[in-house]
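Student: Take a look at this one; I'll ask things after.
Since every read-out is calculated from the coordinates, none of them should be taken as a lab result. Note that this is a predicted model, so its numbers are computed, not measured. A quick note on method: Cβ atoms are made from the backbone with ideal geometry, for glycine too, and the neighbour counts reach across all protein chains shown.
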Amino acid sequence: MTDDAIRAGISVAIAVEARKVVSSRVFGWTTGILVVGLTALVLGLLAAADAGDARVLARLGPLADAHGWDLLIGVAAQILAAGGFGACGIFVAWIYGREFSDGTVAGLFALPVRRSSIAIGKLVVYLVWAAAVALVLTVLLGLLGLCAGLSETDPDGLGELLRIPLLTMLTALVAVPAGWIASLARSVLAGIAATIVLIIVAQVCAILGVGPWIPLVAPALWAIDPTAVPWPALTVVLVVPVVFGAATAFTWARMQLDR
Amino acid sequence: MPEPRIVLQGVRREFRGGAGVHGVDLAVDPGEIHALVGLNGAGKTTLMRLMLGMLRPDLGEVRIDGVRIEDVGSTGWAGVGHLVEQALAYGELDVRDNLRLAARLHGASRRDAMAMADSAIEELDLSRYADVRARRLSLGNRQRLGLAAALQHDPTLIVLDEPTNALDPAGVILLREAIVRRAAAGAGVLVSSHHLDEVARIADRISVMNDGRLIGSLDPNAVDLERAFFSLVHADDAARRAA
């Protein structure tokens with residue numbers, strides 16, 4: 001197959017996958033729960049902290065002493081590192097695993113569009129979704145801060161807001177292995193199980209403060225304490241989608257309907 | 001003599017326990033409707049999966065229009081239509097959108113895909129359901145959708161596994177006409193079925209499969225196809241038991 005044909009195939013795959021995702025209930029519910037849930041949780045936690053709730057202040061740890069944008073974004077980042085990872089993992093596991101649970105995978109054979117192109121198309125659509133979620137979360141949290149008057153009380157802290165889109169994308173990138181597991185096991189549930197395991201590993205490592213150079217752990221660690229993770233360590237996160245995206249494409253290319 | 005649309009030479013694929021396909025030679029010529037009949041578990045679906053790259057053979061080779069299946073490019077695959085197992089139908093999309101996406105995946109441009117989908121909806125009498133989501137379709141209409149997706153791009157090689165499953169009599173007639181029309185235009189068609197009478201109406205050739213092997217053929221014009229079929233199968237079973 002020529003390079004042009006492969007490029008054309010990927011382009012078709014992206015268009016097809018985007019149409020499927022946008023029409024699906026999973027897309028609406030995952031996005032809604034992530035965006036609305038995170039915003040509501042941030043509001044609730046900040047209100048409780050403001051009221052001096054001892055349990056919430058204890059849970060916030062060092063953040064309990066923070067103020068302004070630092071507090072708002074710090075709380076949002078901690079929730080995003082765990083909850084966002086869960087949402088991303090579930091979504092990417094569904095994007096790949098649904099073809100097996102819906103029984104549509106046989107229809108993806110014997111086509112001019114390669115199965116590896118379809119796998120890449122799915123990954124692109126997932127990353128575009130993550131970018132859109134990052135944008136919406138940033139705008140919502142920005143509005144929340146403005147409504148709370150942070151533009152006047154803490155005008156210099158506005159830059160903290162930029163942590164949200166970066167953390168959202170980093171979280172989405174490290175969740176890509178869930179799509180590979182779903183493809184390998186041919187099961188959405190397997191991908192979700194992998195997501196849960198990855199969340200636990202990342203959170204435990206983050207709490208223990210180990211592994212700023214471990215791609216899976218770096219975003220969660222960075223969410224807790226941005227100074228704990230050097231910038232080059234964050235860029236290493238890019239290895240995850242590259243390696244597991246390639247592994248997923250390979251898995252789809254070599255797939256046989258033998259089980 | 002024109003190149004067969006598909007040729008299988010010595011194709012073998014065995015699963016744990018001995019099931020599978022054990023050395024099959026088969027060809028489907030342009031314009032031919034070739035029927036594959038056999039009992040459940042005879043290996044028909046496995047054979048079709050091997051033809052479509054869903055399985056790789058342990059031995060032997062598959063050629064589509066003379067090209068080894070590993071080397072078939074996008075143009076070659078654009079000329080293949082199939083329905084093996086479940087339809088390529090996504091529950092969240094309506095019939096029209098499902099067909100448009102299937103057409104795109106079969107190499108059609110955005111504009112051609114729209115025209116193809118409209119034409120297929122008409123051919124398989126799906127107009128009433130064009131805007132209905134696939135998850136709300138009956139089993140029979142879902143099957144019609146799958147057949148429309150397999151046939152709408154006018155493939156030159158058509159592979160259909162039990163295509164009349166769940167179809168009502170009107171659907172069976174529509175399918176029969178759609179297949180005959182495409183064969184008349186030069187497509188090679190391989191269709192598996194349990195319904196010997198149905199197969200006899202359209203097939204030029206009927207091959208009988210048993211225990212992963214092609215064991216003979218039936219004359220589509222024979223009076224008692226059922227008796228001939230079981231004679232072949234029982235004779236093959238007896239020969240294998242004796243061996």
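Student: Which residue fluctuates the most in chain B, going by a Gaussian network model with Cα springs under 10 Å, if the choices are B:Ala19, B:Ala222, B:Ala178?
Tutor: In this elastic network of chain B, the residue with the biggest mean-square fluctuation among B:Ala19, B:Ala222, B:Ala178 is B:Ala222.
Student: Continuing with the same structure: In the calculated pair distance distribution of region A:1-98, what percentage of Cα-Cα distances lie above 20 Å?
Tutor: 55
Student: Based on the Kirkwood radius over alpha-carbon pairs, what value in µm²/s does the Stokes-Einstein equation return for the translational diffusion coefficient of region A:84-225 at 20 °C and 1.002 mPa s?
Tutor: 129
Student: Could you compute the net charge surrounding B:Ala103? Neighbours are other residues with a C-beta less than 14 Å from the C-beta of B:Ala103; K and R count +1, D and E count -1.
Tutor: Within the 14 Å Cβ shell, the charges total +1.
Student: Only Cα pairs within less than 10 Å get springs; with that Gaussian network setup on chain A, which residue of A:Leu71, A:Leu184, A:Leu208 has the largest fluctuation?
Tutor: Comparing A:Leu71, A:Leu184, A:Leu208 in the GNM, the peak value goes to A:Leu208.
Student: Here is a follow-up. Quantify how strongly other chains surround peptide B:40-50 by giving the mean number of their Cβ atoms within 10 Å of each of its Cβ atoms.
Tutor: If you average over the peptide's residues, the count of other-chain Cβ atoms is 1.
Student: Could you tell me what % of all Cα pairs in region A:22-73 have separations over 14 Å?
Tutor: Result: 59 percent of Cα pairs exceed 14 Å.
Student: Over chain A, what is the relative contact order in whole percent, taking alpha-carbon pairs under 8 Å and six or more residues apart?
Tutor: Averaging sequence separation for qualifying contacts and normalising by length gives 25 percent for chain A.
Student: Hey, got the average number of other protein chain Cβ atoms within 10 angstrom for residues in A:109-119?
Tutor: Across the residues of A:109-119, the mean count of other-chain Cβ atoms within 10 Å is 6.
Student: Where in chain A are the DSSP H helices whose C-alpha atoms run 27 Å or more along the long axis and whose mean Kyte hydropathy is at least 1.0?
Tutor: A:25-50, A:115-147, A:188-208
Student: Say each of A:Val197 and B:Asp197 gets a label point 7 Å from the Cα, pointing the same way as Cα to Cβ; how far apart are those two points in nm?
Tutor: 5.5
Student: Take every residue in peptide A:24-32, count the Cβ atoms of other chains within 10 Å of its Cβ, and give the average of those counts.
Tutor: Partner-chain Cβ atoms within 10 Å, mean over residues of A:24-32: 1.
Student: What nm distance separates the two modelled labels at A:Leu143 and B:Arg110, each placed 7 Å from Cα along Cα→Cβ?
Tutor: 3.0
Student: Sort B:Leu50, A:Leu173, A:Leu143 so that the residue with the fewest other Cβ atoms within 10 Å of its own Cβ comes first and the one with the most comes last.
Tutor: A:Leu143, A:Leu173, B:Leu50
Student: Using the 2.2 N^0.38 Å rule of thumb for compact globular proteins, work out how chain B stacks up: its C-alpha Rg over that value, please.
Tutor: 1.02
Student: Run the dipole for the protein assembly as shown about the Cα centre, Lys and Arg Cβ at +1, Asp and Glu Cβ at -1, nothing else charged, and hand back the magnitude in debye, nearest 20.
Tutor: 460
Student: How big is Rg to Rh over the protein assembly as shown, alpha-carbon atoms, Rh as the Kirkwood inverse-mean-distance radius?
Tutor: Rg/Rh: 1.10.
Student: Here's a follow-up. Using Cα pairs under 8 angstrom and six or more residues apart, how large is the relative contact order of region B:87-154, in percent?
Tutor: So the answer I get is 48 percent.
Student: Positive end of the charge dipole of the protein assembly as shown (Lys, Arg +1 and Asp, Glu -1 on Cβ, about the Cα centre): tell me which of B:Ser119, A:Val240, B:Ser207 has its Cα farthest that way.
Tutor: Of the listed residues, the answer is B:Ser207.
Student: Then there is this: Based on other C-beta atoms within 10 Å, arrange A:Cys205, A:Cys88, A:Cys147 from fewest to most.
Tutor: A:Cys147, A:Cys205, A:Cys88
Student: May I pose another question? Would you calculate a helix-derived [θ] at 222 nm for the protein assembly as shown, using -39,500 (n - 2.57) for each DSSP H run of n ≥ 4 and dividing by the full residue count, to the nearest 500?
Tutor: Helix contribution divided over all residues of the protein assembly as shown: -18000 deg cm²/dmol.
Student: Further question on the same structure: What percent does the relative contact order of chain B come to when contacts are Cα pairs within less than 8 Å and at least six residues apart?
Tutor: Relative CO of chain B lands at 27 percent.
Student: A follow-up question, please. To the nearest 20 Debye, how big is the dipole of chain A about its Cα centre, given +1 on the beta carbon of each Lys and Arg and -1 on that of each Asp and Glu?
Tutor: 1200
Student: Most mobile of A:Ala77, A:Ala40, A:Ala190 per a Gaussian network model of chain A (Cα springs, under 10 Å)?
Tutor: A:Ala40
Student: Give me the one-decimal nm value for the distance between modelled label points at A:Thr235 and B:Arg176, 7 Å along each residue's Cα-to-Cβ direction.
Tutor: 6.9
Student: Going by how many other Cβ atoms sit within 10 Å of their own, how do A:Trp252, A:Trp231 line up, fewest first?
Tutor: If I rank by nearby Cβ atoms, fewest first, I get A:Trp231, A:Trp252.
Student: With +1 on each Lys and Arg Cβ and -1 on each Asp and Glu Cβ, how big is the dipole of region B:1-72 about its Cα centre, in debye rounded to the nearest 20?
Tutor: 360
Student: For A:Ser11, project a label point 7 Å along Cα to C-beta. Then give me every residue of region A:121-140 with its amide nitrogen under 16 Å of that point.
Tutor: Counting backbone N atoms under 16 Å from the label point, the list is A:121.
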